[in-house]
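Step one of this worksheet: look at the structure below.
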Amino acid sequence: MIPIGRDALRRNYVDPAWAFPMLFSRNRLDAGGGEWGMRRGVRAGRVVGFMAVIGLAAAVPAAAETKCGSVGGDSQDLAAGWQKIEATCGCAASQNVRWKQDFKSFALCARAVALQAVLDGDIRSKCRATLVSAAKGSTCSRPPEWATCCFTNRKDKTSCRLKKSEAQCAPSANKFAELGSTETCLDACDNVSGPSCWEDTECDDANACTIDWCERADGCHHVAIQGCVPGGGGSGGTSCTGNGSSTQGLSAGEQNLLQLVNNYRSSRGRSAVKNCSSLNRGAQDHANDMRNRGYFAHLGANGSEFWERACASGYTAGCGPQTWMGEIIAASDSTASGIMNQWLNSPGHEFIMENSSYSVAGIGHACGGSLGHYWVMDFAGANESSCN
C-alpha cells in the first residue's frame, strides 16, 4: 500500500465542502487556498539579483588548500584546539538569565584562541573555521538544560544540533538522534549508529490493508486498517467490500451512512434522499482514485470536478450540470458513524446534507492508501432513470 507518516493515525480528515447553490455558481466553504497560492506566487516571482566577485589568489601549498579533516592529524589538532578553548574561555553552563551575553563573550574568546592556534602552527588555517564552529555549536555558556544531539545521515555520517533540553534529543518519527557525549560535535557523535529505515516508502509491506511508516529510531511499523478486506475490486487491492469502480449498490457500511444522513435530514424537516446507482459509480471511482493516487481533494487527479465524474458515470443531469449538485468527502474513519460525526462538526458539510434541493445521493468507500479509508457522498436534485 501507499505508506504514510504516523500522524494520519491520530487525526481524521474532513474536506472543504463544495456545492452548487445555483446551476453554474458554487460556494467553496474552506479557507481560501487559492488566494494563498496567488500570494505565494507573487513572493516566488521576486527577482533576486546577483553579483560576481573576482579576485586574485597566490599559490599556496597543497596541504593548506585541502579542506579540514582530509589531512592526517587534523582530528587530533582540533581536539587539542578545543581543549585550549575550554581552558582559556571556560565551558561552564551559564547561570545568567541573559545567557546570550555570556555566550557572546565565549564565542569571541574562542575565535581569538583559534586564530592564535593557526599563528602558532597548532592547526591548519583551513581548520580554524571548523574549530570556531565547534565552539559556537557547543553548550558552553548556554543554560544548563541545553544538550548536544547527534544525527545520522544517509551516508552514515553524523552531525549535531543543539537542543534546549535532553528530552528533545529523543528519537522521533522524523529524526534519529542521541544525546552527545561531549560539549561539542567534534567527538560527541562518533559512536552513534544509523537507523534501519529512512523513509516511509521503505516500509511498504505490499499489503493494502495496513498503514506503514518508518520510525528512524526503531524501524518500520505496520498497523492493520479496521474493516479492510484484501483482494477486493479496483486497483490498489481493495475497496473494502469487494465492489470495484463498477459498483451499483451500497455496502452495509455505505447503507448505514445513507441512513444516518437521512436521519439528520429528517431532523431538519427535509425529505430523505434516495440512493442513485449512477452516482454510486462516480463516488466509488473518486474514492478509489484518491486511495490509489494518494491525494484527498474534490478535484480529481485528472482535473475532473464531481459533476463531471457523475456525468461520466451515466448521471446525465450532471453533464453541465443541469441540476443542483454537491459533494462531501472524508477520510481516516472506518465507520459510518465516525464519518457522520466529522461532517456534523463542519457547518459546510451540514449545509450540503440538509439542502432541500437534493433528492438523490451516491456513496463510495475505499480502503487502503495513505489515509486508510476514503468516503465520498455525491448529492443531486434530479432523480433520473440512471439512478435505478
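Any chance you could count how many residues in the range 365-379 are in a loop (DSSP other than H, G, I, E, B) and not aliphatic (A, V, I, L, M)? Spell out the reasoning first.
In the first step, residues of the range 365-379 are kept if they are in a loop (DSSP other than H, G, I, E, B); the result is 369-371.
Going one step further and asking which of them are not aliphatic (A, V, I, L, M), we end up with 369-370.
Residues that pass the stated criteria total 2.
List the pairs whose first member sits in the range 254-280 and is part of a loop (DSSP other than H, G, I, E, B), whose second member is small (Gly, Ala, Ser) and open to solvent by 70 Å² or more (accessible area, probe 1.4 Å), and whose Cβ atoms are under 9 Å apart, counting only residues at least 6 apart or on separate chains?
Arg268/Ser356; Gly269/Ser356; Arg270/Ser356; Ser271/Ser356; Ala272/Ser266
Can you name the residue in the range 359-372 that is buried (at least 24 other Cβ atoms within 10 Å of the Cβ), out of contact with any Cys (no Cβ under 7 Å at 6 or more places or on another chain) and modelled with pLDDT of 90 or more and, of all such residues, is farthest from Arg291 (Cα to Cα)?
In this case the residue turns out to be Ile363.
Within the range 303-354, considering only helices (runs of 4 or more DSSP H) that don't extend past its boundaries, which have at least 1 residues that are surrounded by fewer than 16 Cβ atoms within 10 Å (Cβ to Cβ) and free of Cβ contacts under 8 Å to residues at least 12 places away in the same chain?
Fully inside the range 303-354 and qualifying: 336-344.
With a cut-off of at least 1 residues that are among the aliphatic types (A, V, I, L, M), open to solvent by less than 30 Å² (accessible area, probe 1.4 Å) and at pLDDT 80 or above, name the strands (runs of 3 or more DSSP E) lying wholly within the range 122-214.
Correct list: 147-152.
The values are calculated or read from the model by the stated rules, or taken from the named source; none is laboratory data. Note that this is a predicted model, so its numbers are computed, not measured. FYI the Cβ positions are ideal-geometry reconstructions off the backbone, even for glycines, and counts take in every protein chain you see. Quick note on the areas: whole protein, heavy atoms, side chains included, nothing else; ligands and nucleic acids left out. Shrake-Rupley method; radii C 1.70, N 1.55, O 1.52, S 1.80 Å.
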